[in-house]
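J.: Sharing a structure here in structure tokens format.
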Amino acid sequence: MSAILDVVDLHHRYPLPRDGIFAQRQYVQAVEGLSFALEEGKILGIVGESGSGKSTLARLLVALETPQRGEVRFRGERISGLREARLRPFRRQIQMIFQDPFGSLDPRMRIGASIAEPLGVAEPGLDVAGRRRRIVAMLERVGLGEGAMMRYPHQFSGGQRQRIAIARALITHPKLLVADEPVSALDVSVQAQILNLLLDLKLEFGLSLVFISHDLGIVRYLSDRVIVMQHGKVVEEGESEALFSRPAAAYTKTLIAAMPRL
């Protein structure tokens, strides 16, 4: 099966504040030498402790940041480092779900207008009636409904806001979805609902998914393949069940040993 996403020798770092005017600039390496591929229609889980570089990687994958070295390719075409005008056709195909649904939605915009925003960029020729039909259908698909269109983000629970964020991400019918800790801020019962919704939508829309989390139990449940990150590097990669059953790296064994158990 062909790869929808290829990551080749990715490096990214951030400058630290200077100690003084003449002090040498120091950097923190967030991602260092990452290479992997995601097959079409599969779920790749990326797991690691806080500070391991997972969120930086997510932003690099959707071209919200540009790596200092290396490439991100979508269906064989390089998207890292492209100007926004050349990136626009890819924006429709690649979408992201953020950890904090409240932070990813404009509190001053009604839900209908917020979901319609990506359509204005991806399909500017779509008329008002067609746009409304698409929005209502997507809201109903994520378990909300037409009545949500005229309300504001603060009028919804955390789980409902994440459903809205999912609807907004899927309104352009993307093929690749990058989910950065999408359920970590939710109650356990709501987490299960959102995870099952994502699995249903993956099958319905033919999605490929990069699922980033610090929760190994969730990653094991969802993923076909798993990458374990530490300090910006890949320490282990493999098929989900094989990796969790027979971990090779000491760091992976430590993470698995720390998983909560009944």
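The values are calculated or read from the model by the stated rules, or taken from the named source; none is laboratory data. These numbers were taken from a predicted model, which means no experiment stands behind them. Ideal geometry is used to build each Cβ from the backbone, glycine not excepted, and the neighbour counts take in all protein chains shown.
J.: Filter the stretch 98-124 down to residues that are among the aliphatic types (A, V, I, L, M) and modelled with pLDDT of 90 or more and give me whichever is nearest to the chain's Cα centre (by Cα).
T.: Ile115
J.: Looking at Arg75, Arg83, can you tell me which residue is touching a strand residue (DSSP E or B) at 6+ places or on another chain (Cβ under 8 Å) and either on the phi > 0 side of the Ramachandran plot or not assigned by TED's automatic domain parsing to the domain that holds Gln162 (or both)?
T.: Arg75
J.: Of everything in the stretch 146-157, what is in contact with a helix residue (DSSP H, G or I) (Cβ under 6 Å, 6 or more places away or on another chain) and not in a helix (DSSP H, G or I)? Give them in sequence order.
T.: Across the stretch 146-157, the qualifying residues are Met149, Arg151.
J.: Is it the case that Val136 is in a helix (DSSP H, G or I) and either surrounded by fewer than 12 Cβ atoms within 10 Å (Cβ to Cβ) or acidic (Asp, Glu) (or both)?
T.: Taking the combined requirement at face value, the residue does not satisfy it.
J.: Still on this model: Return the pairs, sorted by first residue and then second, in which the second residue is of a type in the set (Ser, Thr, Tyr) and at pLDDT 85 or above, the first residue lies in the stretch 110-138 and is under 19 Å from Ile166 (Cβ atoms), the beta carbons are less than 7 Å apart, and the residues are 6+ apart or on different chains.
T.: Pairs found: Arg110/Tyr152; Pro118/Thr172; Leu119/Thr172; Ala122/Thr172.
J.: Something else about it: Exactly one condition in (1) outside the structural domain of Gly76 (by TED's automatic domain parsing); (2) not in a loop (DSSP other than H, G, I, E, B) is false for Pro124; which is it?
T.: (2)
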